[in-house]
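Derivation of every value follows stated rules applied to the coordinates shown; laboratory data play no part. No experiment lies behind these values; they were computed from the predicted model shown. Counting neighbours? That spans all protein chains shown, and the Cβs are built from the backbone with ideal geometry, glycine included.
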Amino acid sequence: MRTTRALAVSAAAVAAVGLAAPMAAAWNSPSNIVAMPSVIARGGQLTVTVDGCSRGGTMTSPAFREARLRPLVGARNETSSGTATINQDARPGSYDITVNCEGTGPLTRPAAFTVIGGTRGGLGGSSSIGATPTDMAIGGGLVAAAVVGGGVFWMRRRSEKHI
């Protein structure tokens with residue numbers, strides 16, 4: 001009778017440990033994805049931090065190529081972090097991030113960051129190359145006015161010397 005009771009207790013203990021192991025593995029799964037900055041221009045550097053990702057992994061998004069997540073040494077929540085460069089041809093809008101940590105399944109954070117459109121800096125708002133006919137006419141008129149004004153000034157000075 002004692003042997004049967006010992007076997008029953010052992011079987012119950014093994015079953016409890018067997019059922020608890022997947023729960024412990026699920027406890028160490030990615031739980032929080034943070035993208036900084038949350039609004040970024042094309043070509044910018046995006047830093048992603050993931051809690052519960054103790055061994056690193058990868059992150060993907062339609063706005064950037066797959067990037068590596070590396071574990072942060074001494075982090076409390078078994079955190080991993082990685083940096084990605086936003087594609088130059090990414091369209092403005094919100095993008096999801098999917099994280100695959102080693103040893104766990106994927107986790108997706110919808111609308112994790114927003115890409116904004118770039119500007120054509122340094123062009124001063126111009127969209128054409130070279131001077132337009134209007135620019136040439138205005139410039140020619142200013143040069144002609146300067147020549148006439150200079151001639152009048154020179155002629156007046158010349159007549160003052162004769163007095």
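What does the extension gain come out to for Glu66 and Leu142, with contour length at 0.36 nm per residue minus their alpha carbon separation?
So the extension gain works out to 21.6 nm.
I need the peptides 131-138, 55-62, 98-105 ranked by packing, meaning the mean over residues of other C-beta atoms within 10 angstrom, with the highest value on top.
Answer by packing, highest mean first, reads 55-62, 98-105, 131-138.
Separation between the Asn32 and Gln45 pseudo-spin-labels, each 7 Å from Cα along Cα→Cβ, expressed in nm?
Simple spin-label model gives 2.4 nm for this pair.
Amide H to amide H, which residues 5 or more places from Gly56 or on other chains are under 5 Å from it, using H placed in the peptide plane?
It is Glu102, by chain and number.
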